[in-house]
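In what follows, a structure is listed as structure tokens, so that the remarks can point back to it.
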Amino acid sequence: FDWLGLPIIQFPQDIVAIQEIIWQTKPDVIIETGVARGGSLMLSASILHLLNGNGKVIGIDIDIRAHNLEAIEQHPLAFRIELLQGSSVDHAIIQQVKEKIKPTDKVMVILDSNHTHDHVLEELKLYSHLVSKGCYLVVMDTTIDDMPDDYFPDRPWGKCNNPKTAVHEFLK
């Protein structure tokens, strides 16, 4: 699927749910871990643009590939997006994120980078404190735990090692 011309790697139901959450909570800043092709950033940026004209998206990825960076930077909504390249759990990246948020900003977080249990759990611990009252911290791809054991043979995540297991651990 595409969102405003950029590939978005999300289930359509999740796309609709995300836009509803943004529309209802009206955050000023959305922090997204995992940039991929940029479509999710554009989804968030476009809803923020419709809402208040002032919102921004902070996208974080360990590897923002040149062709994706170019496509994001050339998009009409690029002025709403700030990109940080590095690990979402690197304390230097967290510090940069904090510096981009004003004390009065309403902040939402979407976690969608490395889907291993340990990584997502660390993201939950680091980013949950940034979420404003009345906003959401959304963890993507929890459905990985419900997939067949061999569904992700070339990935480090899978059954019992994924975002859903991290969410359950975090909520304890």
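The values are calculated or read from the model by the stated rules, or taken from the named source; none is laboratory data. Given the structure is predicted, the values throughout are model-derived calculations rather than measurements. Note that we place each Cβ from the backbone using ideal geometry, even for glycine, and neighbour counts take in every protein chain shown. For accessibility, only protein heavy atoms count, side chains too; no ligands or nucleic acids. Shrake-Rupley method; radii C 1.70, N 1.55, O 1.52, S 1.80 Å.
Residues considered: I31, I64. Of these, the only one that is within 22 Å of D141 (Cα to Cα), open to solvent by 10 Å² or more (accessible area, probe 1.4 Å), β-branched (V, I, T) and in contact (Cβ under 8 Å) with a residue 24 or more places away in the chain is I64.
Okay, residues lined up against (1) under 26 Å from A66 (Cβ atoms); (2) out of contact with any Cys (no Cβ under 8 Å at 6 or more places or on another chain); (3) of a type in the set (K, R):
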| residue | (1), (2), (3) |
| --- | --- |
| F11 | no, yes, no |
| V16 | no, yes, no |
| W23 | no, yes, no |
| P27 | no, no, no |
| V35 | yes, yes, no |
| G39 | yes, yes, no |
| A45 | yes, yes, no |
| L50 | no, yes, no |
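The residues listed here are E70, E82; of these, the one that is under 16 Å from the mean Cα position of the chain (by Cα), farther than 16 Å from I18 by Cβ and charged (D, E, K, R) is E82.
What number of residues within segment 34-55 are within 15 Å of I101 (Cβ to Cβ) and surrounded by fewer than 20 Cβ atoms within 10 Å (Cβ to Cβ)? Number satisfying all stated conditions: 1. Scanning segment 146-172 for residues that are within 18 Å of I110 (Cβ to Cβ) and not small (G, A, S) yields a count of 7. Scanning segment 156-172 for residues that are modelled with pLDDT of 90 or more and open to solvent by 100 Å² or more (accessible area, probe 1.4 Å) returns H168, L171, K172. I'd like to know if segment 81-90 contains one or more residues that are among the acidic types (D, E) and more than 19 Å from Q13 (Cα to Cα). Checking segment 81-90: at least one residue is among the acidic types (D, E) and more than 19 Å from Q13 (Cα to Cα).
Taking only pairs six or more apart or across chains, which ones have beta-carbon atoms under 8 Å, a first residue in segment 115-144 that is at positive phi, and a second residue that is open to solvent by 50 Å² or more (accessible area, probe 1.4 Å) and modelled with pLDDT of 95 or more? If the second residue must be open to solvent by 50 Å² or more (accessible area, probe 1.4 Å) and modelled with pLDDT of 95 or more, the pairs left are G134/K106. The lone criterion from (1) modelled with pLDDT of 95 or more; (2) among the charged types (D, E, K, R); (3) over 23 Å from A166 (Cβ atoms); (4) touching a Gly at 6+ places or on another chain (Cβ under 9 Å) left unmet by E99 is number (4). Checked across segment 37-55, the condition of being hydrophobic (A, V, I, L, M, F, W, C), over 22 Å from I22 (Cα atoms) and either under 16 Å from the mean Cα position of the chain (by Cα) or part of a helix (DSSP H, G or I) (or both) holds for no residue. Specify the residue that is least open to solvent (accessible area, probe 1.4 Å); the eligible residues are those in segment 74-101 that are without any contact (Cβ under 8 Å) to a residue 40 or more places away in the chain and among the charged types (D, E, K, R). Residue satisfying both the conditions and the ranking: R80. Which of the residues belonging to segment 106-155 are open to solvent by 50 Å² or more (accessible area, probe 1.4 Å), more than 26 Å from P27 (Cβ to Cβ) and part of a helix (DSSP H, G or I)? The answer is D118, D146.
Being of a type outside the set (S, T, N, Q) and in contact with a Gly (Cβ under 7 Å, 6 or more places away or on another chain) narrows it down to one of L77, L69, L51, L41, so name that one.
Answer to the check: L41.
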